[in-house]
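Peer 1: Below are the structure tokens for one structure; questions will follow.
The values are calculated or read from the model by the stated rules, or taken from the named source; none is laboratory data. All of these numbers come straight from a predicted model, not from anything done at the bench. Using ideal geometry, Cβ is built from the backbone for each residue, glycine included, and neighbour counts are taken over all protein chains shown.
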Amino acid sequence: MLKIQFFYLMNRVSLVFLCLSSAFLTGAFLFAGRLTEGQAAMDAFREAYRLEYLTESIGVAKFVSVATALFLHIHCFLAGNGKYSAFFVSDGKSRIVFMSAKLGMAGILVGAFVLQAAMAYFLIGRYGTPYFLGSFHDAELFLWIGAEALFFGLLEALVMQLTDSVFSGILPLFLFWILELNAPDIPEGMGILYRLIPHLIWEDGDFTVRTNGIGCGLLLGGLFLMNLAIFKRRDIK
């Protein structure tokens with residue numbers, strides 16, 4: 001079933017979008033690395049350049065990864081792309097298997113995209129700059145980016161199933177920007193959002209999250225189950 005979902009999801013539109021997203025992200029990393037300013041300048045101000053590369057790269061990686069996750073999950077549930085569902089579901093059990101494979105394949109593609117982003121970040125930093133250190137902490141940041149992208153992807157799948165609208169991505173994207181804009185100085189009433197959603201924020205000279213692995217796993221699992229429950233009961237269009 002995963003193989004079937006892969007072939008339906010990875011059509012020409014998806015491939016073009018993913019290639020453009022990857023190219024844009026790689027270009028953004030190259031720009032953030034300030035490679036055109038010369039090795040001498042970068043070597044003289046290592047810490048400043050290293051911090052700039054980290055903050056700009058993580059910032060753009062968050063947005064592009066979330067946007068890619070939204071696109072893939074919208075693409076999953078567009079009416080034209082979902083008509084083939086009727087050939088594979090006949091009862092509640094088959095619906096669960098089908099939906100699990102659909103969400104699973106979208107999640108795998110999101111994970112692969114974030115992995116490619118992490119590899120580009122480390123390779124450009126390692127071989128293009130004299131200041132890059134690279135650490136497990138940097139890799140952990142991309143794990144959190146992947147978790148956030150999966151969260152917004154599953155949220156989009158939920159909204160898409162409820163609205164059947166191609167514009168459903170506006171709501172999750174708006175939520176992302178609310179989190180991003182309020183991160184420097186989190187209002188008192190919004191603290192719960194940052195304790196639930198794995199959103200990286202710049203705090204005390206480094207990126208951090210307010211949630212933890214267990215809470216993030218429960219959140220993603222809950223969204224996954226909610227999507228299964230809705231798909232099990234909704235009409236296939």
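Per-residue answers, yes or no, for (1) farther than 16 Å from Gly153 by Cβ; (2) touching a helix residue (DSSP H, G or I) at 6+ places or on another chain (Cβ under 9 Å); (3) at pLDDT 90 or above:
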| position | (1), (2), (3) |
| --- | --- |
| Asp164 | yes, yes, no |
| Ile178 | yes, yes, yes |
| Met190 | yes, yes, no |
| Pro198 | no, yes, yes |
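Peer 1: On the basis of being modelled with pLDDT under 90 and assigned to a helix (DSSP H, G or I), does Tyr53 make the cut?
Peer 2: Against the criterion (modelled with pLDDT under 90 and assigned to a helix (DSSP H, G or I)), Tyr53 does not qualify.
Peer 1: Run Phe63 past the list (1) at pLDDT 85 or above; (2) not in a helix (DSSP H, G or I) and report the number of the one that doesn't hold.
Peer 2: So Phe63 meets the others, but not (2).
Peer 1: Also, quick follow-up: Inspect all residues belonging to the range 17-33 and state whether any of them is touching a residue at least 40 places away in the same chain (Cβ under 8 Å), over 17 Å from Val114 (Cβ atoms) and not hydrophobic (A, V, I, L, M, F, W, C).
Peer 2: yes
Residues are listed down the side, and each one gets a yes or a no for (1) part of a helix (DSSP H, G or I); (2) touching a Cys at 6+ places or on another chain (Cβ under 9 Å); (3) polar (S, T, N, Q); (4) crowded, with 20+ Cβ neighbours inside 10 Å:
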| residue | (1), (2), (3), (4) |
| --- | --- |
| Val110 | yes, no, no, yes |
| Tyr121 | yes, no, no, yes |
| Tyr127 | yes, no, no, no |
| Leu143 | yes, no, no, no |
| Ala147 | yes, yes, no, yes |
| Leu162 | yes, no, no, no |
| Gly169 | yes, no, no, yes |
| Phe174 | yes, no, no, no |
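Peer 1: Oh, and also: Kindly establish whether Gly189 is assigned to a helix (DSSP H, G or I), without any contact (Cβ under 8 Å) to a residue 12 or more places away in the chain and not aliphatic (A, V, I, L, M).
Peer 2: Spelling it out, Gly189 is indeed assigned to a helix (DSSP H, G or I), without any contact (Cβ under 8 Å) to a residue 12 or more places away in the chain and not aliphatic (A, V, I, L, M).
Peer 1: Would you tally the residues in the range 14-40 being surrounded by fewer than 13 Cβ atoms within 10 Å (Cβ to Cβ) and among the aliphatic types (A, V, I, L, M)?
Peer 2: 5
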